[in-house]
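Structure first, commentary second.
The values are calculated or read from the model by the stated rules, or taken from the named source; none is laboratory data. These numbers come from a predicted model, not from an experiment. Glycine gets a Cβ as well: all are built from the backbone with ideal geometry, and neighbour counts include every protein chain shown.
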Amino acid sequence: MKILIVHNYYQLPGGEDDVVANEKALLTSHGHDVRLLARRNDDIQSTTDKIRVAWQATYSEDGRARMAAELRDFRPDVVHVHNTFPLLSPSVYDACAEAGVPVVQMLHNYRLLCASGQLTRNATPCEKCIHGAYQWGVIHKCYKDSYLGSLFAARMLWTHRHRNTWAEKVTGFIVPSHFMKAKFVEAGLPEDKFFIKPNFVPENSNLPPLDLTAPRHSGLFAARWSREKGLHLVLEAWKAMDYPLRMMGDGPLADLVRETAKTKPNMTLIGWRPMEVLIDELRRAEFLMMPSTWYEGFPVMLALSLANGLPIIASRLGAMGEVVQDGKTGLLFTPGDAADLREKVIWAFEHPEQMREMGRNARADFDQKYSADANYAILMEIYEAAIRKGPASPARKVA
């Protein structure tokens with residue numbers, strides 16, 4: 001099968017980029033002919049560039065031309081789009097329709113519904129815009145805290161909602177959780193176009209085999225040090241606890257973390273480190289905390305933790321509340337409730353045997369649902385269904 005993957009890389013690397021790389025390697029390893037059409041936001045340098053790109057985020061003739069040229073040269077059986085914002089734009093769907101090629105769109109976040117792409121404001125869930133009231137995104141400066149940037153993002157959303165672009169031009173949508181599917185369907189996208197495919201992580205052959213009997217210690221927080229990731233909840237929960245805590249990451253709340261660590265000898269700061277170090281930390285920890293206060297799509301960290309036999313203490317929110325099986329592969333707590341998080345942490349440290357059993361369950365869950373083999377089977381079913389259904393409706397230019 002010939003597969004064209006399409007992705008617009010942001011300036012800062014993120015989980016979407018990891019998913020693209022993992023899936024491309026997975027498909028290639030199974031003998032498929034795979035090509036990547038990529039644009040990078042590093043190309044946006046001057047103020048003039050930013051204004052031009054913001055305007056063309058709604059419809060880029062350049063993006064459409066690049067896609068058309070790639071389709072003529074490569075002639076794929078299916079196009080797998082990950083992200084078109086902002087350089088490629090939804091114009092790539094018209095090129096696919098003209099070429100008669102079906103399109104599947106991976107929805108990593110809520111970019112089709114929300115200016116920020118996260119359905120969050122002030123680090124808490126916000127759904128004011130999902131039915132088309134995009135003025136709220138502008139009023140609250142939801143895109144990078146900018147009125148102008150939020151206006152351009154809202155323009156893109158409004159235009160394609162009223163043109164019915166998402167429903168007409170995309171053959172099928174891939175989402176990593178049932179929770180995300182429900183939100184998009186609530187917003188008006190056709191339910192029969194959705195496929196559920198969780199993210200996965202490949203096994204690293206350079207690492208020593210996983211030993212589920214090895215001793216583990218400490219709690220672990222490994223994420224961006226920001227409020228929406230629930231960092232403030234971790235710091236609040238640990239105020240009155242002397243259990244060991246290891247903090248991996250960096251971000252806008254780094255100063256707060258460093259100041260707190262000065263008074264907490266049981267807190268160890270690691271910072272951002274390579275993947276090998278992260279996996280070592282996952283294999284040494286008693287549990288990983290994912291206390292996010294927004295609707296996480298499917299963080300790669302979820303699959304990484306399960307792969308390494310690590311139970312997860314997570315917010316009962318979004319994909320986290322769906323993937324983590326309370327009492328079996330981890331513990332769930334009330335979103336935003338530091339006291340409830342503290343109770344779950346204390347229970348975890350006081351019940352090491354039960355946590356060890358959860359770790360074994362976590363690895364078994366990974367093998368069944370989130371391994372590369374399981375993911376490949378699902379991906380092939382999605383591609384084949386899209387090819388049977390055929391391309392979307394004929395192209396229609398957006399003014």
Give the residue that is surrounded by the fewest Cβ atoms within 10 Å (Cβ to Cβ), with candidates limited to residues of the range 177-225 that are in a loop (DSSP other than H, G, I, E, B) and in contact with a Leu (Cβ under 6 Å, 6 or more places away or on another chain). Ala187
So, Ala364, is that one in a helix (DSSP H, G or I) and closer than 21 Å to Phe333 by Cα or not? no
Test for Gly327: is it outside the structural domain of Gly63 (by TED's automatic domain parsing), within 26 Å of Leu210 (Cα to Cα), within 20 Å of the chain's Cα centre (by Cα) and surrounded by fewer than 20 Cβ atoms within 10 Å (Cβ to Cβ): no
So is Ile279 under 14 Å from Phe221 (Cα atoms), among the hydrophobic types (A, V, I, L, M, F, W, C), assigned by TED's automatic domain parsing to the domain that holds Met248 and free of Cβ contacts under 8 Å to residues at least 60 places away in the same chain or not? no
Just need a number here: residues in the range 62-95 that are within 20 Å of Trp166 (Cβ to Cβ) and charged (D, E, K, R). 2
Give the residue that is farthest from Pro125 (Cα to Cα), with candidates limited to residues of the range 230-258 that are of a type in the set (Asp, Glu) and modelled with pLDDT under 95. Asp242
Within the range 370-390, is there a residue that is at pLDDT below 95, under 23 Å from Asp280 (Cβ atoms) and not in a helix (DSSP H, G or I)? yes
If we keep just the residues of the range 226-268 that are assigned to a loop (DSSP other than H, G, I, E, B) and free of Cβ contacts under 8 Å to residues at least 24 places away in the same chain, which is nearest to Phe333 (Cα to Cα)? Lys239
Output the residue which, of all residues in the range 146-176 that are outside any helix (DSSP H, G or I) and among the β-branched types (Val, Ile, Thr), is farthest from Lys128 (Cα to Cα). Thr171
Answer with yes or no whether Gly321 is in a helix (DSSP H, G or I), modelled with pLDDT under 95 and small (Gly, Ala, Ser). yes
